[in-house]
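Some notes on the structure that comes next.
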Amino acid sequence: LENNSFDLYSQAIVPLRDGMKHPGTFHEILVRVQDEDLVLPAAFIPAAERYHLMPAIDRWVIRTVFPMLEKYQAQTGRNEKDGGSLFAINLSGQSLGDEQFLDFVMQQFVQHRVDPQTICFEITETAAIANLTRARDFISRFKHMGCRFALDDFGSGLSSFGYLKSLSVDYLKIAGDFIEGMLEDPLHRAMVEAINQVGHVMGLITIAESVESPLLIDKLCEIGV
C-alpha cells in the first residue's frame, strides 16, 4: 500500500447460453501485487485480512478503477444503456463491516463521472452472511443507483439457500471448488446443478468460477449455467 505496488487485471465473464448474451462486455477486476514475481491474491489476501488491511486495499482498488472507468466512458461515450461494458469489483467482508465504507464508495461516485449501471459489486457468500444487515443496506443503497450485485463463491457457506432469499443480488457465482471437481465427482456436479436450478428459479444469472477446460464448458452448457 505504501509503495503503490498493486496492479489491476481483468478476467472476462462470458455467456454460455445464447439467450443470456450481455449486450456489451463483462469483466471482473482483480488485484495483484507486483513484486519480483506476480503475487496472486491467495498469497496476500489472508495476511491482509489477518491484519485488517482489506478495507484499505478495497479502497485502493476503487480509487484506482473509478478514474480509469471515468476516462474510458468519456472517450467511448458508452454506458450500460447502450450496451457498454460491465465491470465487477470485489468487496471484502471487512469493508462491509466498516461503517465509513459505504460513504467512501458514494463519495467516489460523486467525485468521478462513472455510470453506476456499469458497476457490479461482488460480495462473497460468507462475508454477506457474517455482515447480513450491513450487506442488505449496502446492496439496497447502490442498487437504487443502478449498480448490480453478485454473490461470490456461492455454496461455500453452510446455509446458502436460506440466506439467498434475503439478499437482492443479480448474479450467483458458483464456488470454483465445485466447478473444478465436477468432471470427476458426481456430488460436485449435483451441487452445481442444484445451485444453478435454485438460482434460475429466483431469476438470477448463474456464473461458474474456475472454468479452465473446454470439457468443463461443455458440461456447464449441458447444465444451463
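The set of residues from the stretch 113-128 being open to solvent by 40 Å² or more (accessible area, probe 1.4 Å) and assigned to a loop (DSSP other than H, G, I, E, B) comprises just one member, Arg113. I'd like to know if the stretch 129-136 contains one or more residues that are in a helix (DSSP H, G or I), modelled with pLDDT under 95, open to solvent by 10 Å² or more (accessible area, probe 1.4 Å) and among the small types (Gly, Ala, Ser). Checked the stretch 129-136: at least one residue is in a helix (DSSP H, G or I), modelled with pLDDT under 95, open to solvent by 10 Å² or more (accessible area, probe 1.4 Å) and among the small types (Gly, Ala, Ser).
Among the residues examined, Leu183 qualifies as farther than 22 Å from Ile89 by Cα and either acidic (Asp, Glu) or not in a strand (DSSP E or B) (or both).
Scanning the stretch 163-180 for residues being outside any loop (DSSP other than H, G, I, E, B) and open to solvent by less than 60 Å² (accessible area, probe 1.4 Å) gives a total of 8. Looking only at residues of the stretch 204-225 that are closer than 26 Å to Phe161 by Cβ and among the acidic types (Asp, Glu), we find that the one that is surrounded by the most Cβ atoms within 10 Å (Cβ to Cβ) is Glu209. Criterion first (over 24 Å from Phe26 (Cβ atoms), surrounded by 19 or more Cβ atoms within 10 Å (Cβ to Cβ) and more than 17 Å from the chain's Cα centre (by Cα)) does Asp103 satisfy it? Against the criterion (over 24 Å from Phe26 (Cβ atoms), surrounded by 19 or more Cβ atoms within 10 Å (Cβ to Cβ) and more than 17 Å from the chain's Cα centre (by Cα)), Asp103 does not qualify. Under the condition of being among the basic types (Lys, Arg) and open to solvent by less than 80 Å² (accessible area, probe 1.4 Å), the residues counted in the stretch 15-45 number 1.
In the stretch 147-162, the residue that is modelled with the lowest pLDDT out of those that are open to solvent by less than 20 Å² (accessible area, probe 1.4 Å), farther than 18 Å from Gly203 by Cβ and assigned to a loop (DSSP other than H, G, I, E, B) is Gly157. Just one of the listed residues (Val110, Val192, Val198) is part of a helix (DSSP H, G or I) and open to solvent by less than 10 Å² (accessible area, probe 1.4 Å), namely Val192.
Determine whether the stretch 69-88 contains at least one residue that is open to solvent by 40 Å² or more (accessible area, probe 1.4 Å), touching a strand residue (DSSP E or B) at 6+ places or on another chain (Cβ under 7 Å) and within 30 Å of Lys219 (Cα to Cα). Checked against the condition, which is being open to solvent by 40 Å² or more (accessible area, probe 1.4 Å), touching a strand residue (DSSP E or B) at 6+ places or on another chain (Cβ under 7 Å) and within 30 Å of Lys219 (Cα to Cα), the stretch 69-88 yields no hits at all. It is to be established whether one or more residues within the stretch 137-144 are within 30 Å of Gln75 (Cα to Cα), in contact with a Cys (Cβ under 6 Å, 6 or more places away or on another chain) and of a type outside the set (Gly, Ala, Ser). The answer is no, given that none of the residues of the stretch 137-144 is within 30 Å of Gln75 (Cα to Cα), in contact with a Cys (Cβ under 6 Å, 6 or more places away or on another chain) and of a type outside the set (Gly, Ala, Ser). Count of the stretch 46-67 residues, restricted to those that are touching a residue at least 40 places away in the same chain (Cβ under 8 Å), open to solvent by 20 Å² or more (accessible area, probe 1.4 Å) and either not in a loop (DSSP other than H, G, I, E, B) or not hydrophobic (A, V, I, L, M, F, W, C) (or both), is 8.
The values are calculated or read from the model by the stated rules, or taken from the named source; none is laboratory data. Because the structure is a prediction, the values reported are computed rather than measured. Reconstructed Cβ throughout: ideal geometry from the backbone, glycine too, with neighbour counts over all protein chains shown. We work out accessible area using only protein heavy atoms, side chains counted, and drop any ligands, DNA or RNA first. Shrake-Rupley method; radii C 1.70, N 1.55, O 1.52, S 1.80 Å.
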